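Heads up: the structure comes next, in structure tokens.
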């Protein structure tokens with residue numbers, strides 16, 4: 001057995017317990033580390049830990065701390081002075097009878113808030129494998145980041161070692177664990193690289209598991225982020241978050257849910273896009289060939305309002321149990337509003353929504369795209385009061401948004417665009433959406449008889465399919 | 001604060017590879033025509049095939065399964081091993 005003590009001269013309790021330390025030094029193998037004065041405590045051959053490395057690695061929070069070490073492993077620790085605890089830990093009785101029975105200690109210098117970040121970088125920095133980029137004294141860090149092409153066009157939080165280490169506290173996953181192979185460059189991406197980009201996006205550490213799940217969700221052949229980038233169409237990955245984590249992170253599912261102003265909403269989607277840009281190499285004008293893009297490509301994430309929804313959460317449509325945390329990613333364009341302030345009957349409102357859905361990308365292009373329908377609370381109320389289920393609504397919307405072939409064939413309505421249908425198909429009903437192509441989410445502010453449509457991209461295995469992933473660690 | 005930043009990129013160094021030698025004649029060569037599977041790409045490639053044949057080239061036609069995804073590695077390998085050159089058609 002070995003006893004290891006941590007002290008500092010600046011702590012009155014440490015000064016008080018020197019007689020007890022002297023007794024322990026005689027009774028057992030004994031080492032004392034001193035955090036400030038290398039000569040303290042005199043006569044006990046203190047080891048200088050003014051660099052605080054031993055204190056840091058032993059996770060000392062207060063001084064004095066006494067550790068018992070057996071076979072190289074710590075088997076017990078006490079902090080502050082408490083005669084009974086010290087005697088029980090050390091097995092030495094009759095410790096310093098002249099002292100009071102107990103006395104609280106002081107904070108360890110290794111957890112001094114002014115030094116903790118610096119110490120962490122010094123002693124844990126080796127966990128980080130990323131290349132270090134040293135800035136010149138005269139270099140403005142924000143301008144340096146723009147100049148290196150790391151930004152999406154807005155300023156980012158500079159990814160220092162301290163910030164990235166703090167970000168990694170948000171996950172139990174190891175920094176060097178590979179999360180995904182990121183297109184278009186097909187680069188294996190570590191948890192650390194995701195964390196760096198999450199710092200830049202402005203995420204808090206607790207958002208990191210959501211970002212990790214979102215990266216996994218887009219980087220596969222099903223979601224096909226390569227195609228979503230490369231297309232001339234203006235789509236990007238849209239992240240919908242379900243489960244109790246939404247509330248824990250303070251995500252917005254209410255007023256302005258698809259807009260600015262909520263840190264988690266704004267930075268989670270942005271972090272995902274920064275990973276695609278910086279790790280995957282997906283940059284506008286290179287593999288990203290969007291004719292217009294859309295403002296949501298800076299990052300678009302929002303939470304579903306599960307509490308007020310008439311229906312089960314979106315993630316349950318993909319087999320994730322209610323109450324579990326999940327991200328669902330959808331390749332979508334910018335949101336557009338459907339206004340219907342008069343319908344109080346579900347059939348009437350469904351007809352309005354179907355008319356809006358019919359216009360996705362072009363009213364005569366059928367069967368080609370998915371869409372996400374974000375039902376606002378005031379519209380959802382109409383369906384709730386009428387007892388419409390989500391599958392019932394989706395089925396009716398598919399029926400109502402279909403059109404006879406003669407209406408959507410090329411040239412019909414004086415419009416060249418359309419489907420190449422034979423004349424015989426003029427009366428055949430052509431659906432706008434295939435089964436499984438409409439995804440219904442409940443979100444938005446409590447006032448406003450509106451819903452929102454987000455048009456998708458080339459659907460199915462030929463394009464991008466919606467992907468849902470549980471958020472784990 | 002620290003003036004050291006962590007690199008957010010893949011840290012890849014781009015490999016610079018020499019271009020394959022250009023073919024100096026079409027006579028007796030095999031030219032691959034790759035349709036990315038967008039509408040009407042075949043219209044363009046049919047014309048190209050006719051013109052190449054007139055000049056004595058053998059033509060092999062290939063198609064990606066979908067224009068939205070990179071060509072599968074097996075398809076790229078097949079083109080590389082069977083053809084002296086390849087022409088890829090975009091469309092719309």
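The values are calculated or read from the model by the stated rules, or taken from the named source; none is laboratory data. Computed from a predicted model, the values in this text were never measured in an experiment. Neighbour counts are summed over all protein chains in view; Cβ atoms, including those assigned to glycine, are modelled from backbone coordinates with ideal geometry.
Looking for something under 18 Å from residue A:332 (Cβ atoms), at pLDDT 95 or above and either assigned by TED's automatic domain parsing to the domain that holds residue A:301 or in a strand (DSSP E or B) (or both) - is there at least one such residue anywhere in segment A:376-389? Yes, because at least one residue in segment A:376-389 is under 18 Å from residue A:332 (Cβ atoms), at pLDDT 95 or above and either assigned by TED's automatic domain parsing to the domain that holds residue A:301 or in a strand (DSSP E or B) (or both). With respect to (1) buried (at least 16 other Cβ atoms within 10 Å of the Cβ); (2) closer than 25 Å to residue A:274 by Cα, the lone exception for residue A:143 is condition (1). Note on segment A:92-117: residues that are within 14 Å of chain B (Cβ to nearest Cβ) and not in a helix (DSSP H, G or I) amount to 2.
Is at least one residue of segment B:8-18 in contact (Cβ under 8 Å) with a residue 24 or more places away in the chain and either within 30 Å of residue A:140 (Cα to Cα) or within 14 Å of chain A (Cβ to nearest Cβ) (or both)?
Restricting attention to segment B:8-18, the residues satisfying the condition of being in contact (Cβ under 8 Å) with a residue 24 or more places away in the chain are none.
No, the conditions are met nowhere in segment B:8-18.
In segment A:220-234, which residues are outside any helix (DSSP H, G or I) and either touching a residue at least 40 places away in the same chain (Cβ under 8 Å) or outside the structural domain of residue A:278 (by TED's automatic domain parsing) (or both)? Explain how you work it out, then say what you get.
If we filter segment A:220-234 for residues that are outside any helix (DSSP H, G or I), which is where we start, we get A:220-224, A:231-234.
The answer is A:220, A:222, A:223, A:224, A:231, A:232, A:233, A:234.
For segment B:1-47, filtered to residues that are in a helix (DSSP H, G or I) and touching a strand residue (DSSP E or B) at 6+ places or on another chain (Cβ under 7 Å), the residue that is modelled with the highest pLDDT is B:45.
If you check A:157, A:240, A:182 for being modelled with pLDDT of 95 or more, crowded, with 20+ Cβ neighbours inside 10 Å and in contact with a helix residue (DSSP H, G or I) (Cβ under 6 Å, 6 or more places away or on another chain), only one passes: A:240. Every condition in (1) more than 8 Å from chain B (Cβ to nearest Cβ); (2) on the phi < 0 side of the Ramachandran plot holds for residue A:186 except the one numbered (2).
In this structure, residue A:125 qualifies as under 30 Å from residue A:5 (Cβ atoms) and within 14 Å of chain B (Cβ to nearest Cβ).
Here are some residues: A:260, A:273. Which one is in contact with a helix residue (DSSP H, G or I) (Cβ under 9 Å, 6 or more places away or on another chain) and in contact (Cβ under 8 Å) with a residue 40 or more places away in the chain?
On the way: A:260 fails: in contact (Cβ under 8 Å) with a residue 40 or more places away in the chain.
Result: A:273 is the single residue among A:260, A:273 that is in contact with a helix residue (DSSP H, G or I) (Cβ under 9 Å, 6 or more places away or on another chain) and in contact (Cβ under 8 Å) with a residue 40 or more places away in the chain.
Residue-by-condition table, conditions (1) closer than 21 Å to residue A:436 by Cα; (2) in contact (Cβ under 8 Å) with a residue 40 or more places away in the chain; (3) surrounded by fewer than 16 Cβ atoms within 10 Å (Cβ to Cβ):
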| site | (1), (2), (3) |
| --- | --- |
| A:302 | no, yes, no |
| A:320 | yes, yes, no |
| A:328 | yes, yes, no |
| A:355 | yes, yes, yes |
| A:358 | yes, yes, no |
| A:383 | yes, yes, no |
| A:392 | yes, no, yes |
| A:403 | yes, yes, no |
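Okay, residues lined up against (1) modelled with pLDDT of 95 or more; (2) out of contact with any helix residue (DSSP H, G or I) (no Cβ under 8 Å at 6 or more places or on another chain):
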{"site": "A:49", "(1), (2)": "yes, no"}
{"site": "A:55", "(1), (2)": "yes, no"}
{"site": "A:75", "(1), (2)": "yes, yes"}
{"site": "A:82", "(1), (2)": "yes, yes"}
{"site": "A:103", "(1), (2)": "yes, no"}
{"site": "A:107", "(1), (2)": "yes, yes"}
{"site": "A:119", "(1), (2)": "no, no"}
{"site": "A:144", "(1), (2)": "yes, yes"}
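Condition check ((1) out of contact with any helix residue (DSSP H, G or I) (no Cβ under 6 Å at 6 or more places or on another chain); (2) closer than 15 Å to residue A:30 by Cα; (3) buried (at least 16 other Cβ atoms within 10 Å of the Cβ)) across all residues:
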{"residue": "A:61", "(1), (2), (3)": "no, no, no"}
{"residue": "A:68", "(1), (2), (3)": "no, yes, yes"}
{"residue": "A:91", "(1), (2), (3)": "yes, yes, no"}
{"residue": "A:94", "(1), (2), (3)": "yes, no, no"}
{"residue": "A:97", "(1), (2), (3)": "yes, no, no"}
